[in-house]
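Q: Once you've had a glance at the structure underneath, I'll fire off some questions.
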Number of protein chains: 2
Amino acid sequence: MESDDVPSGLRERKKRETRIALSWAAIRLTVERGFDNVRVEDIAAEAGVSPRTFNNYFAGKGEAIAARQVERARAIAEELRARPADEPLWEAITNAALARFALGQDSHREPADQQWVEGVRLMVSEPALQGEFLKAAAAVEAEFAAVVAERTGTDPELDLYPKLVAAAVGGAMAVAVEHWLRTEPPGAVTDLLRDAFAQLSQGLPTPRRTT
Amino acid sequence: MESDDVPSGLRERKKRETRIALSWAAIRLTVERGFDNVRVEDIAAEAGVSPRTFNNYFAGKGEAIAARQVERARAIAEELRARPADEPLWEAITNAALARFALGQDSHREPADQQWVEGVRLMVSEPALQGEFLKAAAAVEAEFAAVVAERTGTDPELDLYPKLVAAAVGGAMAVAVEHWLRTEPPGAVTDLLRDAFAQLSQGLPTPRRTT
DNA sequence: CCCGATTATTGCGCACTCCGCAAAAATTCG
DNA sequence: CGAATTTTTGCGGAGTGCGCAATAATCGGG
């Protein structure tokens, strides 16, 4: 009956670990070999469970891969919730997103992952996965909208506002990341995110020619 | 080698017709029976082609269903391109979207489709399809971004701006339609769209309590 | 109008996916 | 420890997506 508490028994920990192991294995193999060259069987083997068990956790390869994005998005929503209530909305959103992105940024910065970045590019351009990523984003957007509604005193059922903000934020993050992946000397995602949110909060005015 | 001209031979017309017939059949059957109770075989039969041919046109059921959304989104992009260049961007976007949505709105307004609306609700809440819809939206967003870039003199490769606008617009439309489908006495989508775009163009300021 | 060239449709086969079901293994709790 | 709960696993089957090659339809020049 409980909704989201953490019993933290041994059982729950193992489940969590298996889930993460499966998701991670799916990502790693896909980045290395390409989505179509990875079978569920391989992923399960990598995580040390039976193929059937994979489907107890995820409905398909795509979902397993997108699971980690979901986690991050959730974390951003929680980060936002934890922000001081008197902080202006867009400032809070920007800070929340930046905090989480910066987190995963410098954690594994090795020069050797040049090849890995290339694999990621291929992965995100896989049509089957794009849908999955977007679906994942949409799933979390509802949650995000709820937090925004809390902060602004609006009602997700009646007002467009919270979901509009959630959709815009989700889109902005996607655009920023996409742009970042496409840029050859990879700069800082955080700068792109800051820029994107700033433009959003200003009503996306036609920028004056910066060239 | 030609990119998108219309040879208008008999062959191309038939192909287009088959494509539309398949897409339409997929939607109709899904709305009536639910996504999982429709087999590719059924869709093909409805359109008068072999099951194998279905896969020559679409990679799966979901893609067939989303195909019509793609078409509409494309139409909006073209509508935007056709707008006078001196019209302010957000006005042009709003008008373009409104024109296309109003088009499909009153075309088949019968009291008998109460049941149909219910089916559509079920359809859009199907997880497998949400991903597909979003993927379709993303596909067109690039096109939309290109038009925005044209209008504003920005470069999709360098500036975040055009894609940011495209993402925001796509998200806003999705939110508006979702809200509209959830509202019991179905009002006018166009009003919701107008509202959504207005909020976007004003930077999504925290609304003052309207209750 | 007809015939060769091009293109679409179709049937067949196969690898893979996803899920229901029930047995086996693991974990929890009294 | 031992029974109850939960998870893992193997099996089986319905569906899917696509390559391949044969067949049918369309096109375009003579």
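We did not get these values from a lab; they are worked out from the coordinates using the rules stated. Bear in mind that the values here come from a model prediction, so they are computed numbers and not experimental data. Cβ placement follows ideal geometry from the backbone for every residue including glycine, while neighbour counts extend to all protein chains displayed.
Q: Mind checking the dipole of the protein assembly as shown: about its Cα centre, +1 per Lys or Arg Cβ, -1 per Asp or Glu Cβ, Debye to the nearest 20?
A: 560 debye
Q: Taking only Cα atoms, what is the 0 to 90° angle, nearest 10, from helix A:189-201's long axis to the longest principal axis of chain A?
A: 40 degrees
Q: Using Cα positions and a limit of under 24 Å, work out the lysines in reach of A:Lys163, with same-chain residues fewer than 8 apart set aside.
A: A:Lys135, B:Lys135, B:Lys163
Q: What's the angle, to the nearest 10 degrees (0 to 90), between helix B:161-182's Cα axis and the longest principal axis of chain B?
A: 60 degrees
Q: From the square roots a ≥ b ≥ c of the eigenvalues of the alpha-carbon gyration tensor of chain B, which class results: rounded (a/c under 1.5), prolate (a/b over b/c), or oblate?
A: On the way: a/c = 2.03, a/b = 1.29, b/c = 1.58.
Oblate, since a/c reaches 1.5 and b/c is not below a/b.
Q: What shape does the range A:115-211 have by the C-alpha gyration tensor, where a ≥ b ≥ c are the square roots of the eigenvalues, rounded means a/c under 1.5, and otherwise prolate means a/b greater than b/c and oblate the rest? Write out the running numbers ahead of the final one.
A: Working: a/c = 2.68, a/b = 1.36, b/c = 1.97.
Oblate.
Q: Angle check, please: helix B:127-152 long axis (alpha carbons) against the longest principal axis of chain B (alpha carbons), in degrees 0 to 90, nearest 10.
A: It is inclined by approximately 50 degrees.
Q: Going by how many other Cβ atoms sit within 10 Å of their own, how do B:Trp90, A:Trp116 line up, fewest first?
A: Placing the least packed residue first, the sequence is A:Trp116, B:Trp90.
Q: Taking the beta-carbon count within 10 Å as an exposure proxy, list A:Val147, A:Val49 from fewest neighbours to most. Walk me through the numbers before you get to the answer.
A: Values: A:Val147 23, A:Val49 17.
Sorted ascending by nearby Cβ count, the order is A:Val49, A:Val147.
Q: Additional query: Only helical DSSP H runs with n ≥ 4 go in: add -39500 (n - 2.57) per run for chain B, normalise by residue count and round the 222 nm mean residue ellipticity to 500 deg cm²/dmol.
A: Details: 9 runs with 150 residues, N = 211.
Helix contribution divided over all residues of chain B: -24000 deg cm²/dmol.
Q: Follow-up question, since we're still on this one. At A:Ala45 and A:Arg28, where each label point lies 7 Å from the Cα along Cα→Cβ, what is the point-to-point distance in nanometres?
A: Each label point is offset 7 Å from its Cα along the Cβ direction, giving 1.4 nm.
Q: Same structure again: Suppose each label sits 7 Å from its Cα in the direction of the beta carbon; what would the A:Ala128-A:Glu150 distance come out to in nanometres?
A: Here the modelled spin labels are 3.7 nm apart.
Q: B:Ala198 to A:Arg11: FRET efficiency via 1/(1 + (r/R0)^6), r the Cβ-Cβ distance, R0 45 Å, to the nearest 0.05?
A: Calculated value: 0.30.
Q: Along the charge dipole of the protein assembly as shown, Cβ charges K/R +1 and D/E -1, which of A:Thr152, B:Ala196, A:Asn37 sits furthest on the positive end?
A: The listed residue farthest towards the positive side: A:Asn37.
Q: So, in nm, how far is label A:Arg52 from label A:Arg182 when the simple model puts each one 7 Å beyond its Cα toward the Cβ?
A: 4.6 nm
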